[in-house]
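The values are calculated or read from the model by the stated rules, or taken from the named source; none is laboratory data. Values in this document were obtained by computation on a predicted structure and should not be read as measured data. FYI the Cβ positions are ideal-geometry reconstructions off the backbone, even for glycines, and counts take in every protein chain you see. SASA here: full protein model, heavy atoms, side chains in, ligands and nucleic acids out. Shrake-Rupley method; radii C 1.70, N 1.55, O 1.52, S 1.80 Å.
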Amino acid sequence: MEKMEENKSKQNNVKRPKGGMIAMPFIFSNEVCEKLAVVGFYANMISYLTTQLHMPLTKAANTLTNFGGTASLTPLLGAFVADAYAGRFWTLTVAFIIYQIAMTSLTLSAIIPQLRPPPCTGEQVCQQATSGQLALLYGSLLLGALGSGGIRPCVAAFGADQFDETDPKQPTKTWKYFNWYYFVMGASILAAVTVIVYIQDNIGWGWGLGIPTISMFLSIIAFVLGYPLYRHMDPVGSPFTRLLQVSVAAFRKRNLTMVSDPNLLYQNEELDASISIDGRLVHSKQMAFLDKAAIVTEEDNVKAPNLWRLNSVHRVEELKSLIRMGPIWASGILLITAYAQQGTFSLQQAKTMDRHLTNSFQIPAGSMSVFTMLAMLSSIALYDRFLIRIARRFTGLDRGITFLHRMGIGFLISVLATLVAGFIEVKRKQAAVAHGLEDKPHSIIPMSVFWLVPQYGLHGIAEAFMSIGHLEFFYDQSPESMRSSATALFWTAISVGNYVSTLLVSLVHKYSAKPDGSNWLPDNNLNKGKLELFYWLITSLQVVNLLYYICCAKLYTYKPIQTPTKDAESEEAASKV
């Protein structure tokens, strides 16, 4: 009886497993507030730059794409800190605070008149922002980019960490989480591009930027409150150091003859225990030159190896996995280049068109992305509820189709989006000419803004397929100890895509200029430009990119992994009792 009571007391003292669905309310509450804040800040930012700081259109567009590029490049730094030292929770917490400071400073610039140029009306020549006012803007954007560096690579991966893929008793899988994550994110973005943008355009930028700032503060509170319930993955040292060690070891042993049997390559389960909790990577035939890093020589101490000379197969395969992911990563760049135009030139198109829903109410131009969000949310819901079930009958896969197929569908739809955008721009300019408004850039063309819905909607459908597939791909195919770093690659593709957009806009603006002042992408009068040719240029580049992606997807080899199961572990533990 005493033993039974002792066992019961031990069972009662066993800590309840962390993570799983119980952690989701805190993570999703944080995600709702954080995305409402971030998107509410930047969805209409081009209007703030052009109407409040009086920047020329091209300069404003490039400022935003440069910021978008920088904010998507800093995740490499944030991922390194999370994976190597701080862990995802603390990296996220500090990043949220930095972002809060950035938003607060930009809100103050909208509230205090001395921090922005004086207003101007009509055809009056507007005074541009001073160097000091621009310094505050750029400083805020830079802090925002630094905060994004900690948030973006960690927030999705931290949520996925709450689900243990090796536990057969856990019904929720990470691929479902990514669908939910994007759906919740899309819903909060939808609120941002409607409510927040309306406030910015009709009530004022003080409230329009102040509400997102308050929302960011609430997101931090929601995230921190869930700390006791989270499943935390401990940092296991710098992943980049391990990759460098494999590279150096392979180079130092480059003259060795490759062993005939891969089973003779170095294995060390104890050494790799902390970086292979979800399963060990096994040998693959690709990139055999890297296998030389795992060849044991007389100089090597197998019990305490010098990792700059000898590495395990698991560590070699970590490097191989990242190299295999490279071509797929690169294919996502041009899609982001195409998508970036929604916040710049597509928004400027909307500002010239009739946006009235009633005689007294019109849609803010910055809210047009609501149609992107609605299309994305509808596509995610349709995919999760119906398309997966249909696809399972043909593929037998739990997720319906592979993430590579999902990405391919997204690429194809994105091609259609920019193709359609070009034809709609032709019609918009024809309407301007027909009503004698070609030389009146500030006049509203009597053509409904709803003509832009197809291009916005197609971009939303493309994102539902491509972006979620891309995120799934990076999380699933990356080594487990590098998931923040691999998720950072998702944002790095966005970074490069934004920089490519900046480069493309700058080159087109420079080389399409003619002595008579005409330009494909004019600064002041979109009616006299040739934006449709710019859209079709992007379409052509995306067609080439789609063909490239198809080749990469056909040649891609999934990471080889030996996954432990909870049942096997429990049986092993029972056999030791």
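Averaged per residue, what accessible surface does the range 239-320 expose to a 1.4 Å probe, in Å²?
53 Å²
Residue ranges 45-56, 545-556 sort as 45-56, 545-556 when ordered by packing (mean number of other C-beta atoms within 10 Å per residue, highest first). Relative to the Cα centre, the charge distribution of the chain, modelled as +1 at Lys and Arg Cβ and -1 at Asp and Glu Cβ, gives a dipole magnitude of about 700 debye. Taking the protein heavy atoms of the chain in the context of the full set of protein chains, the accessible area attributed to carbon and sulfur is 64 percent at 1.4 Å.
Which part of the range 498-540 falls in the paramagnetic zone of Asp354, meaning amide N under 20 Å from the point 7 Å along Cα-to-beta-carbon? Residues passing the 20 Å test: 527. Take the Cα of Arg392, step 7 Å toward its Cβ, do the same at Asp300, and the gap between the two points is 4.5 nm. Maximal additional length on extending the Ala434-Leu555 stretch stands at 38.4 nm, based on 0.36 nm per residue less the C-alpha distance. Pairs with C-alpha atoms separated by more than 30 Å, drawn from the list Lys320/Lys510; Lys440/Lys510; Lys303/Lys554; Lys35/Lys559, are Lys320/Lys510; Lys303/Lys554; Lys35/Lys559.
Each stretch of four or more DSSP H residues adds -39500 (n - 2.57); spread over every residue of the chain, this sum gives -20500 deg cm²/dmol at 222 nm. In a Debye calculation with equal point scatterers on the alpha-carbon sites of the range 324-560 and no solvent, what is log10 I(q)/I(0) at q = 0.15 Å⁻¹? The Debye formula, applied to the Cα set alone, gives -1.03. Label positions at Ala513 and Gln286, each projected 7 Å from the Cα along the C-beta direction, are separated by 4.5 nm. Cβ-Cβ distance of Val195 and Ser540, R₀ of 30 Å, FRET efficiency by 1/(1 + (r/R0)^6): the value works out to about 0.20. Identify which of the listed values of percent of Cα pairs over 44 Å apart was calculated from the structure shown: [x] 24; [y] 19; [z] 15. Comparing each candidate, only [x] matches the computed number. Between Cys126 and Phe251, residue separation times 0.36 nm minus the direct Cα-Cα distance comes to 38.9 nm. The mean accessible area for residues of the range 354-419, using a 1.4 Å probe and ignoring ligands and nucleic acids, is 49 Å² per residue.
Loop-resident chymotrypsin sites (Phe, Trp or Tyr not before Pro) (DSSP state other than H, G, I, E or B) in the range 314-404 with no more than 16 further Cβ atoms inside 10 Å of their Cβ: Phe361.
Counting only whole DSSP H helices of the chain, the ones at least 30 Å long by C-alpha along their axis and with mean Kyte-Doolittle hydropathy no lower than -1.0 are 87-111, 131-161, 205-225, 403-434, 453-477, 483-511, 531-555. With the convex hull of its Cα atoms as the shape, the range 239-320 has an orientation-averaged projected area of 5.0 nm².
Between Ile112 and Leu134, the contour length at 0.36 nm per residue exceeds the Cα-Cα span by 6.5 nm. Within the chain, what's the longest run with no GluC sites (Glu not before Pro) in a DSSP loop and at most 11 other beta-carbon atoms within 10 Å? Give the range, please. The longest such stretch corresponds to 300-577. Under the convention that each Lys and Arg Cβ holds +1 and each Asp and Glu Cβ holds -1, the size of the dipole of the range 239-320 around its Cα centre is about 340 debye. Going toward the positive end of the dipole of the chain, with +1 on Lys and Arg Cβ and -1 on Asp and Glu Cβ, which of Pro119, Phe163, Ala293 do you reach last? Highest projection toward the positive end goes to Pro119.
Please give the Cα centre distance for the range 407-437 versus the range 345-367, rounded to the nearest Å. After rounding, the separation between the Cα centres reads 17 Å. Take the Cα of Trp308, step 7 Å toward its Cβ, do the same at Leu142, and the gap between the two points is 3.5 nm. Looking at the range 270-316, the trypsin sites (Lys or Arg not before Pro) that sit in a DSSP loop and have at most 12 other Cβ atoms within 10 Å of their own Cβ are Lys285, Lys303.
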